[in-house]
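Here is the structure we will look at.
The values are calculated or read from the model by the stated rules, or taken from the named source; none is laboratory data. Computed from a predicted structure; not experimentally measured. Cβ coordinates were reconstructed from backbone atoms using ideal geometry, including for glycine residues, and neighbour counts include every protein chain displayed. Accessible surface areas use protein heavy atoms only, side chains included; no ligands, DNA or RNA. Shrake-Rupley method; radii C 1.70, N 1.55, O 1.52, S 1.80 Å.
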Amino acid sequence: MQQRKISKAVISRLPRYYRYLGELLEQGVERISSKELSVRMKVTASQIRQDLNNFGGFGQQGYGYNVKYLYSEIAKILGLDRQHSIIIIGAGNLGQAIANYANFERRGFIIKGMFDVNPRLVGLVVRGIEILSIDQMEDFIRENKIQIAALTIPKTKAPDVADCLVKAGIKAIWNFAHTDLVVPEDVVVENVHLSESLMRLSYRMCSKQEKEAVTVGKQQRK
């Protein structure tokens, strides 16, 4: 399917559609309208139709969406209809947590290797994967044709390691380091800033509490 340029906002919502459709399949739902899906997802039916129309629509007026078909089509759009080999750079707590998360494999993301500079970690085995020295990383990438790397290392080390990853042939970096990476245009970077996510959560919680306090104050003054 030939796609026009899709906004980042639309792309960011696709995994959520995929998750909800997967839940519908598990519940035995065969068809669903944009209105019914909007109630579940807490977004407007118009937004759902607009998002999906970027990729061809998939639905029929008065007929709704075939859940299984839409689920499989979104999987193709997200590249989940194929396997992706991943390595993890940084085998500390976060790196090991990622390696231990079995759901990645169900989505086609297969962790092939883990690397670290800490000699105390090298040689340990996490879910059947031996942690190797980072000195072996570039040869491993080339020999195993790895295209995706997860960076779970300190931000001071991340730029240099990213350069080595790109040099070895990595085409996508899942970046958990708290720094922005400068990479060639043909390399994709997805930044995951956990602290920023927590700060957004804090903001939303505090805003909600402030609104509730204002409401209570108005009620008490009546």
Seminar exercise, completed: Under a 1.4 Å probe, counting only protein heavy atoms, Leu52 has an accessible area in Å², nearest 10, of 0
Exercise. With the other protein chains left in place, how much accessible area per residue, in square angstrom, belongs to the chain at a 1.4 angstrom probe?
Worked result: 65
Exercise. Among Thr152, Thr179, Thr44, whose mean-square fluctuation peaks in a Gaussian network model of the chain (Cα, cutoff 10 Å)?
Worked result: Thr44
Exercise. Hey, what D do you get for segment 48-178 in µm²/s if you plug the Kirkwood alpha-carbon radius into Stokes-Einstein at 4 °C and 1.567 mPa s?
Worked result: 79
Seminar exercise, completed: At 37 °C and 0.692 mPa s, the Stokes-Einstein diffusion coefficient in µm²/s for the chain, with hydrodynamic radius from the Kirkwood sum on alpha carbon pairs, is 161
Seminar exercise, completed: In deg cm²/dmol, rounded to the nearest 500, the helical mean residue ellipticity at 222 nm of the chain, built from -39500 (n - 2.57) for every DSSP H run of length 4 or more, is -14500 deg cm²/dmol
Exercise. Relative to the first principal axis of the alpha-carbon coordinates of the chain, what is the inclination of helix 8-26, with its axis defined by its Cα atoms, in degrees from 0 to 90 and to the nearest 10?
Worked result: 80
Problem set entry | Global form of segment 112-222, assessed from the alpha-carbon gyration tensor, a/c cut-off 1.5 | prolate
For this session: Counting only DSSP beta bridges with both residues in the chain, tell me the antiparallel percent, nearest 5.
Result: 20
For this session: Enter the angle in degrees (range 0 to 90, nearest 10) between the Cα long axis of helix 67-77 and the first principal axis of the Cα atoms of the chain, meaning the one along which they spread out most.
Result: 40
Problem set entry | Relative contact order [Cα under 8 Å, 6+ residues apart], the chain, whole percent | 12
For this session: Please list the non-local residues whose amide H lies under 5 Å from the amide H of Gly92, H modeled 1.01 Å from N, same-chain partners needing a gap of 5 or more.
Result: none
For this session: For the chain, with all protein chains present and a 1.4 Å probe, just round the carbon and sulfur fraction of the accessible area to a whole percent.
Result: 51
Exercise. Across segment 33-45, in residue order, what do the Karplus-derived ³J(HN,Hα) couplings come to in whole Hz, using 6.51 cos²θ - 1.76 cosθ + 1.60 with θ = phi - 60° and x for Gly and Pro?
Worked result: 8, 5, 5, 5, 5, 5, 5, 5, 8, 6, 10, 6, 4
Seminar exercise, completed: In terms of the charge dipole of the chain, which places +1 on Lys and Arg and -1 on Asp and Glu at the beta carbon, the residue among Leu78, Ala97, Val122 farthest towards the positive end is Leu78
